[in-house]
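The values are calculated or read from the model by the stated rules, or taken from the named source; none is laboratory data. What you see is a predicted model; the values in this text were computed from it and never measured. We place every Cβ from the backbone using ideal geometry, glycine too, and count neighbours over all the protein chains shown.
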Amino acid sequence: MINPRRDITITRQCELLDVCRSSLYYHPLPVSPTDLARMRRIDELHLAHPFLGARRLARLLQREGDQVGRCHVGTLMERMGIAAIYTKKRTSMAAPGHKIYPYLLTDVVIAHPNHAWAADITYLPMAHGFAYLVAILDLYSRKVLSFRVSNSLAADFCIETLQEAFHRFGKPEIFNTDQGSQFTDEHFTRPLLKKGVRVSMDGKGRWIDNVFIERLWRSVKYEDLYLHAYESMRELKAGLARYFGFYNTFRPHQNLDYRTPDEMYFGLDKQKRAA
């Protein structure tokens with residue numbers, strides 16, 4: 001919005017827009033290669049030991065020869081959008097003013113496709129940078145219904161993912177998330193409520209409720225992401241599309257009696273048995 005070529009001075013433009021003039025000259029520093037390597041290792045350790053906080057992760061990194069401090073590890077974890085998983089007073093923090101919905105899956109048996117969906121966000125290391133992935137999962141079949149990647153944690157890419165899932169697969173009876181600001185944003189919850197979907201959010205002591213999608217993150221990273229070290233967002237999106245195609249249609253799941261998510265979601269296994 002600030003245009004240095006205009007007749008009006010930059011100082012006056014900043015006054016009119018209520019913008020700090022010094023912010024025009026600030027360019028955020030890129031993440032250093034050292035910190036990118038640390039974030040990759042923190043992600044691996046977090047997947048293996050999700051109950052470890054910044055203090056213990058720092059100790060593990062120090063044992064590996066990286067003399068990084070606990071505070072810096074905490075800063076990197078915050079940037080990655082991850083935190084130690086344990087029962088605590090509050091889970092993911094919603095933005096001030098965002099409405100929190102009650103948890104609705106207590107003692108609920110997920111009995112059919114589109115009974116309940118879940119969504120979550122995870123950090124993705126790349127060869128030269130990182131991104132964030134959001135995915136929507138059908139809890140009955142474990143099918144990945146839609147996904148998006150983004151270089152920021154803004155709510156927009158979550159809303160696009162939700163709209164795609166609606167367009168391709170209809171709607172669930174219950175939609176469950178954590179209390180992250182992306183999911184408590186009114187622009188995200190409004191389409192759900194408009195379609196009559198019951199919104200559910202993990203609350204106190206409910207840290208294990210997204211266990212199925214946490215398992216998905218582990219599969220994505222160990223079976224695809226860590227093997228390829230994608231160079232760009234374009235490569236990352238193409239690689240994830242291939243992987244989720246494999247995950248949904250070909251990869252058998254032990255917890256599904258070695259059926260695929262597509263077989264469970266579309267009832268293809270029942271059709272085969274009937275034939």
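None of Y123, Y132 is free of Cβ contacts under 8 Å to residues at least 60 places away in the same chain and under 10 Å from the mean Cα position of the chain (by Cα) except Y132. State which residue is farthest from the chain's Cα centre (by Cα) when the search covers only the stretch 41-78 and only residues that are more than 22 Å from A127 (Cα to Cα) and among the charged types (D, E, K, R). Across the stretch 41-78, the extreme among qualifying residues is R63.
Can you go through A118, A135, A154 and tell me which one is loosely packed, with under 15 Cβ neighbours inside 10 Å and under 29 Å from Y226 (Cβ atoms)? Steps first, please.
Values: A118 fails: loosely packed, with under 15 Cβ neighbours inside 10 Å; A135 fails: loosely packed, with under 15 Cβ neighbours inside 10 Å.
Going through A118, A135, A154 in turn, the sole match is A154.
When residues in the stretch 157-185 are screened for being of a type in the set (D, E, K, R), at pLDDT 95 or above and touching a His at 6+ places or on another chain (Cβ under 9 Å), 1 of them pass.
Considering only the stretch 93-105, I want to know if a residue exists there that is at positive phi, outside any helix (DSSP H, G or I) and at pLDDT 95 or above. The answer is no, given that none of the residues of the stretch 93-105 is at positive phi, outside any helix (DSSP H, G or I) and at pLDDT 95 or above. Which residue pairs have Cβ atoms under 7 Å apart, sit 6 or more places apart or on different chains, and have a first residue in the stretch 237-254 that is outside any helix (DSSP H, G or I) and a second that is exposed (fewer than 15 other Cβ atoms within 10 Å of the Cβ)? From residues that are outside any helix (DSSP H, G or I), the pairs are P252/Y258.
Residues in the stretch 162-180 that are touching a Leu at 6+ places or on another chain (Cβ under 8 Å) and of a type outside the set (D, E, K, R): L162, A165, F169, I174, F175, N176. Within the stretch 121-132, restricting attention to residues that are more than 16 Å from F244 (Cα to Cα) and aliphatic (A, V, I, L, M), the residue that is surrounded by the fewest Cβ atoms within 10 Å (Cβ to Cβ) is A127.
If I ask for residues that are out of contact with any Lys or Arg (no Cβ under 6 Å at 6 or more places or on another chain) and surrounded by 13 or more Cβ atoms within 10 Å (Cβ to Cβ), which ones from the stretch 254-271 would you list?
Pass one, the stretch 254-271, residues out of contact with any Lys or Arg (no Cβ under 6 Å at 6 or more places or on another chain): 254-260, 262-264, 266-268, 270-271.
Residues satisfying the conditions are L256, R259, T260, D262, E263, M264, F266, G267, L268.
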